[in-house]
Amino acid sequence: MGAKPFLTIQEQVDLLHARGMKVDEKTPEVLMREGYYSIVNGYKDPFIDAERTAQAGEDRYVEGSKFSDLCALYTFDRELRSLTFRYLILAEAKVKTAVAYTFSEAHRSPNDYLLQSSFCSEQEFVPTSDGTEYAKEVSGLTGILGRRAEKSDSGFVSHYRDTYGSVPLWVLVNDLTFGNIEHFFNLMKPAEQRGVCKMIVASTGRTGSKRLGYFDEKKAIVSIETLVKFRNVCAHDERLYCARVGGRKSVNYIKMVWMLERYLTPAEFSSFIRDLTTLLTRYVKAYAIKHVLKEIGFVELLKRVEDGTLFEA
């Protein structure tokens, strides 16, 4: 198959029109600003006429499809990423703090995070959905931690390194990614993992909650992995509304929302849901958004908002 030829903006508009997409006077400006690949190739799926596309051997759009509706889906997803990322960052901070505190309390030497003996045994290790082996997980993590401690030019890390000769985890954690912390948590001793879970419950004000007052380390492993993957989707400007992560790609956006709730305070989660429903309300009349709401579970979210069960303890 040969490479696709370069198309001018007008040729891109003409191609959309030829394939059944209704264009308007704003279409060239939008394509010039956002790019054909980002908008069309990224968000065309709900508009594709599968039968006609198969017959033609190239894309054909559902009759009545409008470029403005496709743009609405693109813009909606961008706003959804921005909104979701903001609350995932709040969850990330709580996990980082709980992991660093719990580990440092149990391992008082500043370099203990470089020792395999500080982590769980191979028998205790619970593989995540990517199936990484224990030995690779330990060597990979300690290698990353060692390099960050020795070479990071972050002001707070270099200050501790130059002043005290070592960098404790409760300082280094601020220079680690959410993904690094996910792997760290997966390798913690089971008792320390349970300590992290208890601290998250306490820090979110969920102690005593019937629904969110307790969760075990196995649920934490799954939910932290999910939050990390969705955070990466947001950070890398990938499609969020239809994202699927985890084992067998079984976790969609709405399932992630229920996992995220555990890592937010009641006030933070209420604010998140209010912001989310406001966003949905602004776009709910768009053709593609109706399709998206049904496909990824927002109907369930809206139902829980309407019947008042969303914020039950």
Exercise. Averaged per residue, what accessible area in Å² does the chain show with a 1.4 Å probe, protein chains only?
Worked result: 52 Å²
Seminar exercise, completed: The relative contact order of the chain, taking Cα pairs under 8 Å that sit 6 or more residues apart, comes to a percentage of 20 percent
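Using the Cβ atoms and a cut-off under 14 Å, what net charge is assigned to the surroundings of Arg248, where Lys and Arg are +1 and Asp and Glu are -1?
Details: positive: Lys229, Arg244, Lys249, Lys255; negative: Asp130, Glu225.
Surrounding charge for Arg248 is +2.
As an exercise, use a Förster radius of 25 Å and the Cβ-Cβ distance of Leu7 and Asp237 to find the FRET efficiency, rounded to the nearest 0.05. Please list the in-between numbers first.
Values: r = 23 Å, r/R0 = 0.90.
The value I calculate is 0.65.
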Exercise. By accessible area of protein heavy atoms, probe 1.4 Å, what ranking do Lys26, Lys94 get, highest first?
Worked result: Lys26, Lys94
Problem set entry | Amide H partners (placed H, <5 Å) of Val251, local residues excluded | Val245
Exercise. So which of Lys255/Lys285; Lys22/Lys249; Lys136/Lys210; Lys96/Lys136; Lys189/Lys229; Lys189/Lys210 end up more than 29 Å apart by C-alpha?
Worked result: Lys22/Lys249; Lys136/Lys210
Exercise. What residue among Glu25, Glu217, Glu133 has the largest mean-square fluctuation in a Gaussian network model of the chain, using Cα springs under 10 Å?
Worked result: Glu25
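Based on the Kirkwood radius over alpha-carbon pairs, what value in µm²/s does the Stokes-Einstein equation return for the translational diffusion coefficient of the chain at 25 °C and 0.890 mPa s?
Numbers: Rh = 22.2 Å.
Reported coefficient: 111 µm²/s.
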Exercise. Along the Cα-to-Cβ line of Asp216, 7 Å from the Cα, sits a label point; which residues in the range 118-152 have backbone N less than 19 Å from it?
Worked result: 120-129
Exercise. Got a number for the accessible area of Glu238? Probe 1.4 Å, square angstrom, nearest 10.
Worked result: 90 Å²
Exercise. Quick one: Cα centre-to-centre distance for the range 1-46 and the range 161-222, in angstrom?
Worked result: 46 Å
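The values are calculated or read from the model by the stated rules, or taken from the named source; none is laboratory data. Here the structure is a predicted model, which is why all the values come from computation and not from measurement. In this analysis, Cβ positions are derived from the backbone assuming ideal geometry, glycine residues included, and neighbour counts consider all displayed protein chains. Just the protein is used for accessible areas: all its heavy atoms, side chains included, with ligands, DNA and RNA removed. Shrake-Rupley method; radii C 1.70, N 1.55, O 1.52, S 1.80 Å.
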